[in-house]
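What follows is calculated from the coordinates using simple rules that are stated; it is not laboratory data. Quantities reported herein were computed from a predicted structural model and do not represent experimental measurements. As a convention, Cβ positions derive from the backbone with ideal geometry for all residues, glycine included, and neighbour counts pool all protein chains shown.
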Amino acid sequence: MNKEQREQMIDKLLIHLNDEVEKTGDPIGCVRFDFQEATDKWDEESIALLQTDAEGLQQILNVCLSRGYLKRSYMTRRCEGIELTEEGQGRAISVDAASRNPKPVAEMHGSINIGTMNANGATQIGHGNVQNIENVIQTWLALIDAADAPEEQKKEAKGLLAKFVEHPLVNTCLGIAGGFAAQMMGAK
């Protein structure tokens with residue numbers, strides 16, 4: 001497969017996985033996918049979706065894992081417990097939106113030039129990184145809710161999380177986002 005075909009296959013896979021995540025209503029860190037054997041339902045669906053074979057699927061999964069679009073939730077070399085990441089979800093949403101509206105954004109809304117930004121790592125543009133903090137807390141809350149534990153322990157864990165988020169030093173570290181996180185948990 002050439003590079004263009006590979007990128008198209010990556011887009012198809014990420015859009016498909018994001019659609020599956022959104023069907024559940026859970027945060028991305030709470031939904032896992034298994035790509036185990038050629039007889040597995042997910043492999044069959046993915047192979048048909050990408051119009052490839054098991055080797056081609058493995059190649060696409062490897063590229064997605066190395067680029068950070070997907071991650072393993074278990075420390076294994078097998079493709080079990082694969083999670084969509086924020087980067088993968090962002091690419092899926094962007095590509096899906098672009099395919100629905102092929103006009104360039106600048107053509108629709110005029111040209112916007114904010115300036116130049118160089119980043120050597122994971123970067124989020126925004127105020128107080130509220131989006132990342134919100135995603136982390138939503139994931140924690142969903143994991144607590146999904147835990148196989150008595151309701152009393154779940155309530156205690158949520159209370160401890162709320163207490164942590166409300167702590168003045170944590171709020172100082174998170175800035176305005178800390179107050180936002182506490183509100184999101186219903187702590188304030």
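List, please: which pairs have Cβ atoms under 7 Å, are six or more places apart or on different chains, and start with a residue in the range 17-28 that is within 13 Å of T85 (Cα to Cα) and end with one that is in a helix (DSSP H, G or I) and of a type in the set (D, E)?
Within 7 Å, the pairs are I28/E86.
Which count do you get for residues in the range 1-36 that are acidic (D, E) and more than 18 Å from the chain's Cα centre (by Cα)?
Residues that pass the stated criteria total 2.
So, in the range 142-157, exactly how many residues are within 19 Å of G25 (Cβ to Cβ) and surrounded by 12 or more Cβ atoms within 10 Å (Cβ to Cβ)?
Qualifying residue count, the range 142-157: 5.
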